[in-house]
1. Within 9 Å, Cβ to Cβ, of L44, how many net charges do the neighbouring residues add up to if Lys/Arg are +1 and Asp/Glu are -1?
2. Computing the accessible area with a 1.4 Å probe over protein heavy atoms, can you report the carbon and sulfur percentage for segment 106-195?
3. Run the 1.4 Å probe and let me know the accessible area of L224, rounded to the nearest 10 Å².
4. Counting pairs of alpha carbon atoms under 8 Å apart in space and at least six apart in sequence, what relative contact order in percent does segment 106-195 give?
5. Once the other residues with Cβ under 10 Å from the Cβ of R54 are scored (Lys, Arg +1; Asp, Glu -1), what is the net sum?
6. Tell me, what is the percent relative contact order of segment 1-136, built from C-alpha pairs under 8 Å that lie six or more residues apart?
7. Compute the convex hull volume of the Cα atoms of segment 14-98, divide it by the residue count, and report the result per residue in Å³ as a whole number.
8. Assign one of three labels to segment 106-195, namely rounded, prolate or oblate, based on the Cα gyration tensor with a ≥ b ≥ c the square roots of its eigenvalues; rounded applies when a/c is under 1.5, prolate when it is not and a/b is larger than b/c, and oblate otherwise.
Amino acid sequence: DYVVVKMIPDNRLPPRHLHSVHTGKTFAVIKWESPYDSPDQDMLYAVAVKDLVRKTDKIYKVKSRNSTVEYTIKKLEPGGKYHVIVQLGNMSKESSMKINTVPLSAPDALKIITENDHILLFWKSLALKESNFNESRGYEIHMFDSLMNITAYLGNTTENFFKVSNLKIGHNYSFSVQARCLYSGQMCGEPATLLYDELGTGEDSSAAKSGRSTDVAAIVVPVLFLLLVTLGIGFVVLYMRHRRLQNSFTAFANSHYSSRLGSAIFSSGDDLGDEDDEAPMITGFSDDVPMVIA
């Protein structure tokens, strides 16, 4: 003998296994299971999102007959903190969880340039890679003195550089730049940090390399330019000398050209200066002409 028993669904039970699947800068994907297996009708859920920073609430309605429900919460803020509550539409027992969205990225290419009595911090605009960042929000700069073990807030700026003065000799500093924190420092961007060694004796390696590369470039480029100009002038001089020698040789050859022989005649060094160049060459003597030897 056997008997079939069908349990009556209890709509007062809370959703089961509420958890976050993926969290981004402006959205979060959450997932949960129905209060009981295999619902035989659409179930209406209420998803309440409480902004713990702004102290605001939003409620979304989700209808599904599936045993497993996945929902994406949109229009969140980077670096925000939220409390999510899911329950049936009849205000049954609830399931809750907390979500922290991904903060804005750190600024890229943070560098230090040393001046006479101060340093300059430079970085790339965060708007180049973060569509959710507006330059009007600006950046804030912090400094950590390792010798004094003190962290100081230096200020904020909407520019991509910041001037730091009154650094002490013998102290090592760490500088950080991040998207300006909102709502009493509760929503901040990721910081970009750069070490700066003892003032005047050991700059940060990246800053020193960038400074050295700049100095080397400032020296090498003019030297290469001068070398190229010198080589160009040298080629021009050699070419002009070659042309001059060629023209001189041509003129010399033309001056010694004999139209009678059809060729140029060059004399030896002993004959140089002989004015009797045009005298006919003696080819022999006749037998009837006496030879007189002085």
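1. Details: positive: K61, K63; negative: D42.
So the surrounding residues net to +1.
2. Result for segment 106-195: 50 percent of the exposed heavy-atom area is carbon or sulfur.
3. Number for this one is 90 Å².
4. After rounding, I find 31 percent.
5. Its environment carries a net charge of 0.
6. 24 percent
7. Roughly 79 Å³ of hull volume per residue.
8. Prolate, since a/c reaches 1.5 and a/b exceeds b/c.
The values are calculated or read from the model by the stated rules, or taken from the named source; none is laboratory data. From a predicted model like this one, the values you see are computed outputs, not experimental measurements. Neighbour counts are summed over all protein chains in view; Cβ atoms, including those assigned to glycine, are modelled from backbone coordinates with ideal geometry. We work out accessible area using only protein heavy atoms, side chains counted, and drop any ligands, DNA or RNA first. Shrake-Rupley method; radii C 1.70, N 1.55, O 1.52, S 1.80 Å.
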